[in-house]
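The values are calculated or read from the model by the stated rules, or taken from the named source; none is laboratory data. Everything numeric here is computed off the predicted structure, so don't read it as measured data. Neighbour counts are summed over all protein chains in view; Cβ atoms, including those assigned to glycine, are modelled from backbone coordinates with ideal geometry. Surface areas here come from the heavy atoms of the whole protein model, side chains and all, with no ligands, DNA or RNA. Shrake-Rupley method; radii C 1.70, N 1.55, O 1.52, S 1.80 Å.
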Amino acid sequence: MEYDFKKIEQKWQKVWEDEKRFEVPNHKEGKENMYVLIEFPYPSGVGLHMGHCRSYTAIDAFARKKRLQGYNVMFPFGTDAYGLEAERTAIKEHKPPQEIVARNIKTFQQQVRSIGLGIDWSRTINTCDADYYKWTQWQFIQFFKHGLAEKREMSVNYCPNCGVLANEEVEDGVCCQCHSETTQKLKSQWVLKMTEYGDRLDEDLKDTNFMEHIKTSQKNWIGKSEGVEVDFEIVGGGKLSIFTTCIETIYGITFMVVAPESNIVDELKPRIKNWEEVEAYRKATAKKTEFDRSEMNKDKSGVELEGIFAINPVNNKKIPVYIGDFVIASYGTGAVMAVPTHDQRDFEFAKKYNIDMIQVIDGADVSEKAFEKYDYLGKGCKLINSEEFSGLTVEQAKVAIVEKLEKLGVGRRKLNFKMRDWIFSRQRYWGEPIPMVYCKHCGWVPEKDENLPVELPKVESYEPTKDGESPLSLITDWVNTVCPNCGEPAKRETDTMPGWAGSSWYFLRYCDPKNDKEFANYDALKAWLPVELYNGGNEHTTRHLLYARFWNKFLYDCGLSPVSEPFKCRISQGLILGSDGKKMSKSSGNGVDPLVIVNQYGADAVRLWMSFIGDYFESVSWSEDGVKACKKFINKIVNFQEILTEGEEISAELKVAIHSAIKKVSNDIDNFKFNTAISALMILANEITRVGKLNNAEYKVLLTLLNPFAPHITEEIWTNLNYSPSIKDASWPKFDEKALIKQELEVPIQVNGKLRAKIMVNINSTKEEIEAQALSAVKGYLNNGEYKKIIYIPNKIFNIVV
RNA sequence: GCCGAUGUGGCGAAAUGGCAGACGCAAGGGACUUAAAAUCCCUCGGAGGGUAACUUCCGUGCCGGUUCGAGUCCGGCCAUCGGCACCA
């Protein structure tokens, strides 16, 4: 008999909706809270894709299992509505992005319902709703009040046609829309000082239970390095500071390099003898994008600042100074000490410009290439040509040299991060307005709390202006305001926040989504945090995860969040690739709409297949074959009703099979091994088929175990059979370890590690009995029964070494 | 270049250092059927030997190592995919 999945699934989705099945209070008598979180999607026009479908159904299964285990599980859903796609569609369709986004959200929510997710819809949020972004703005103001938000001159990507571009809109130095070449332009931008949290963001990873590769990505992205900052006097006045992680090579310095755009170059202008040459080089650099600059990495270039010399504080040696575009202004101090003997980049530069080299670490020849830190650290190498430090090991010298520099007052230990401060301004319409006002008298002043949110005004055109300003700058009525501080006329900030803003704290809002007094009540947060499980795409394991951790840490420091780390465990699902093994995309035409498949086979079948298709953490190519198999499997479960017998006890025949299944399915769901959980259920079903009958007690266990994956059909059968209470009140079955113990066991016998025989042994047999049995079983492989050694792992393996 | 992941049948894949290929797909054979679908049963990594129940050898990207025993651990490669890009 074929089951009518359309009717059944719609029926139960409606029941869950009507009875608000998955809504949870912040506290429930006698139940422990558990917060299970999936990354909320950006509601793009194409709707839910396979990747969403895979992770949502898998994590929904996890949440449903925890619910059956008796937890008060919060499993919320929302949408991250600000993004370029909506803005582009708005421009194309001449409709407000609000309208486009509202349309897409409706589709998304409908689709999420139709795959049967158990969502608490009372907690739904959306980042572009005024009652949400009000609090995004309020939190920005807290950053500002704590000195963590400031306006800073930054270089931005600029396209002559399209204005200021986000990094993701620039590909290979070309604007992704009009394909004209982009340049760098200095602009005053809001930044959040995330680097101040760099050390804690790095250190506190040890308190989390993220997947190892995710921790590593975070660490690499943060890029903490411990080193020393050293001041160099400039002959004739002035100072140049550098950052180095290799202070042991300080006696090997033969030149210095400064980033071309560095201010110090301007300060030294009167004393630079070849200014024209220097200026030409600076102009050439300014034209290049960061991409071009990194492209040049094969050919190091630079220009000497003629007439400028720095003084090495350890030996008072005069050192020439260069500018070179391989030095990045925004990292460290924007200047480096160059030691060609121990840094390959400096080596190449020195060769090109004929600069001296002094070897200061012994242990390798430096005439062909540099002897770098990767090669000398930890090998006991000793210093040479380094005055009183000669003869010390590198490790000893690191300490001793810093002490000397500290005494001289010219050096200090310093942490540096690859991670930059977070540029928080976008010259775009579709984002949260930055709630700041500029007053001639008071400077930057935050909007008053009672005036929040600062709402996006209606505009005619959503395109950025030609001069790179936000379209908001053209709405004079909106821009002109009064200073919240002194009441004089003042102007609003016209930049908006980046797409990452709203997603940095949405998991907090879920805990208390309707609060209009605060972003979330502290007690509500305390009830739910930290998140037990946070699942999201691999593409967000660096930036989003870091932003969210940073944002929460700041709130924690303000006493507004109860935890320093918001996520206990972070996992990322593998991609679903097209059947051709390539990423699903419009351009390669290999995309598959999950909702089409759901219509054809039913949500339960698709959910099962998504879980069964392969290891959850690995990428898999899409294939439709398995959906049919899963549908067949569901049919089999449905048809078990025909062989149902009376009985409220698990029968002896199925006892082992049932308890093994309970054990395997329970452990596998907890460990996200959804594919083997399904296979365990299939094994149980095969066993039931073999036995040819099952009773009510056994059917209940089977249905409960399957319920997280196929919630509609299992509930349908449960209700049909008048099993009460409802399946939602069923409790997750417990397995009995004793039930798994068999009286007789098959033990494989190996000779020299090769399988030669199998014997059946009684569970109570002594080692001697088993040994006799084993030896006779493999007689033919033994020389007159002689052997050297026996290794017996009880109930597992018996190995005879001859 | 650096970082991360992956590599097992025709295919998707399983395997706390202990029987490699569970479970499923596809394929082939059989039962039921007038027939088909559905369902159920059997075979299914490769090579060889036997009429046969069976049996021998090889086999987890490649080369070494540790171990009684390695898909799994260690060292060195190769290939594919993803991320980052001169970070001093």
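Could you tell me which residue of the range A:397-411 is farthest from A:K373 (Cα to Cα), considering only residues that are surrounded by 13 or more Cβ atoms within 10 Å (Cβ to Cβ) and in contact (Cβ under 8 Å) with a residue 24 or more places away in the chain?
Among those residues, the one meeting the criterion is A:V410.
I'd like to verify a number: residues in the range A:729-756 that are more than 15 Å from RNA strand B (Cβ to nearest atom) and either open to solvent by less than 30 Å² (accessible area, probe 1.4 Å) or touching a strand residue (DSSP E or B) at 6+ places or on another chain (Cβ under 6 Å) (or both), how many?
Going through the range A:729-756 one residue at a time, the tally reaches 4.
Out of everything in the range A:432-462 that is exposed (fewer than 12 other Cβ atoms within 10 Å of the Cβ) and touching a residue at least 40 places away in the same chain (Cβ under 8 Å), what residue ends up being nearest to A:V479 (Cα to Cα)?
Only one residue fits best here, namely A:K458.
For the range A:757-796, name all the residues that are within 8 Å of RNA strand B (Cβ to nearest atom), out of contact with any strand residue (DSSP E or B) (no Cβ under 6 Å at 6 or more places or on another chain) and either part of a strand (DSSP E or B) or not charged (D, E, K, R) (or both).
A:G780, A:I793 - these are the residues of the range A:757-796 that are within 8 Å of RNA strand B (Cβ to nearest atom), out of contact with any strand residue (DSSP E or B) (no Cβ under 6 Å at 6 or more places or on another chain) and either part of a strand (DSSP E or B) or not charged (D, E, K, R) (or both).
Among the listed residues A:I119, A:I91, which satisfies the condition of being touching a Phe, Trp or Tyr at 6+ places or on another chain (Cβ under 6 Å) and either among the small types (G, A, S) or open to solvent by 40 Å² or more (accessible area, probe 1.4 Å) (or both)?
Selected residue: A:I91, the only one of A:I119, A:I91 that is touching a Phe, Trp or Tyr at 6+ places or on another chain (Cβ under 6 Å) and either among the small types (G, A, S) or open to solvent by 40 Å² or more (accessible area, probe 1.4 Å) (or both).
Considering only the range A:482-519, state which residues are of a type in the set (V, I, T) and touching a helix residue (DSSP H, G or I) at 6+ places or on another chain (Cβ under 9 Å).
If the condition is that a residue be of a type in the set (V, I, T) and touching a helix residue (DSSP H, G or I) at 6+ places or on another chain (Cβ under 9 Å), then A:T494, A:T496 are the ones that fit.
Quick check on the range A:563-578: of everything there that is among the aliphatic types (A, V, I, L, M) and within 12 Å of RNA strand B (Cβ to nearest atom), which residue is surrounded by the most Cβ atoms within 10 Å (Cβ to Cβ)?
Once the filter is applied, the top-ranked residue is A:I576.
Cβ-Cβ below 6 Å, separation at least six or inter-chain, first residue in the range A:534-547 and more than 12 Å from RNA strand B (Cβ to nearest atom), second open to solvent by 10 Å² or more (accessible area, probe 1.4 Å): which pairs?
A:G536/A:E39; A:Y547/A:W500
From the residues in the range A:679-712 that are of a type outside the set (A, V, I, L, M) and over 41 Å from the mean Cα position of the chain (by Cα), which one is most open to solvent (accessible area, probe 1.4 Å)?
A:R690
Can we say A:Y374 is in a helix (DSSP H, G or I) and either within 11 Å of RNA strand B (Cβ to nearest atom) or open to solvent by less than 10 Å² (accessible area, probe 1.4 Å) (or both)?
yes
Assuming A:F349 fulfils every condition listed in (1) more than 11 Å from RNA strand B (Cβ to nearest atom); (2) out of contact with any Ser or Thr (no Cβ under 6 Å at 6 or more places or on another chain) apart from one, which condition is it?
Exception for A:F349: condition (1).
Against the conditions (1) surrounded by 17 or more Cβ atoms within 10 Å (Cβ to Cβ); (2) out of contact with any helix residue (DSSP H, G or I) (no Cβ under 6 Å at 6 or more places or on another chain), where does A:P260 fall short? Just the number, please.
All conditions are met except number (2).
Please enumerate the residues belonging to the range A:579-605 that are under 23 Å from the mean Cα position of the chain (by Cα) and open to solvent by less than 60 Å² (accessible area, probe 1.4 Å).
The answer is A:M584, A:S585.
Identify, please: which residue in the range A:210-239 is within 8 Å of RNA strand B (Cβ to nearest atom) and assigned to a helix (DSSP H, G or I) and is, among those, least open to solvent (accessible area, probe 1.4 Å)?
Of everything passing the filter in the range A:210-239, A:S217 is least open to solvent (accessible area, probe 1.4 Å).
Could you list, in sequence order, all residues of the range A:659-671 that are under 16 Å from A:N535 (Cβ atoms) and open to solvent by 30 Å² or more (accessible area, probe 1.4 Å)?
A:D670, A:N671
Among the numbered criteria (1) without any contact (Cβ under 8 Å) to a residue 60 or more places away in the chain; (2) crowded, with 17+ Cβ neighbours inside 10 Å; (3) assigned to a loop (DSSP other than H, G, I, E, B), which single criterion is violated by A:M357?
Every condition holds for A:M357 apart from (1).
For residues in the range A:767-802 being among the polar types (S, T, N, Q) and surrounded by 10 or more Cβ atoms within 10 Å (Cβ to Cβ), which is nearest to A:E744 (Cα to Cα)?
Checked the range A:767-802; the qualifying residue nearest to A:E744 (Cα to Cα) is A:N795.
Could you say which residue among A:G559, A:G591 is under 24 Å from A:A58 (Cβ atoms) and part of a loop (DSSP other than H, G, I, E, B)?
A:G591
Determine whether A:V531 is in contact with a helix residue (DSSP H, G or I) (Cβ under 7 Å, 6 or more places away or on another chain), at pLDDT 95 or above and not hydroxyl-bearing (S, T, Y).
Considered against the rule, which asks whether it is in contact with a helix residue (DSSP H, G or I) (Cβ under 7 Å, 6 or more places away or on another chain), at pLDDT 95 or above and not hydroxyl-bearing (S, T, Y), A:V531 comes out as yes.
One residue is enough: does the range A:713-727 have a residue meeting the conditions touching a residue at least 60 places away in the same chain (Cβ under 8 Å), within 46 Å of the chain's Cα centre (by Cα) and within 16 Å of RNA strand B (Cβ to nearest atom)?
Yes - at least one qualifying residue is present in the range A:713-727.
Give the range A:324-344 a look and list any residue that's within 12 Å of RNA strand B (Cβ to nearest atom), of a type outside the set (G, A, S) and out of contact with any Phe, Trp or Tyr (no Cβ under 6 Å at 6 or more places or on another chain), or say none.
A:D325, A:F326, A:V327, A:I328, A:Y331, A:V336, A:M337, A:V339, A:D343, A:Q344, listed by residue number.
Could you please find all residues in the range A:609-652 being closer than 17 Å to A:P594 by Cα, more than 7 Å from RNA strand B (Cβ to nearest atom), open to solvent by 20 Å² or more (accessible area, probe 1.4 Å) and assigned to a loop (DSSP other than H, G, I, E, B)?
Hit for the range A:609-652 is A:E624, nothing else.
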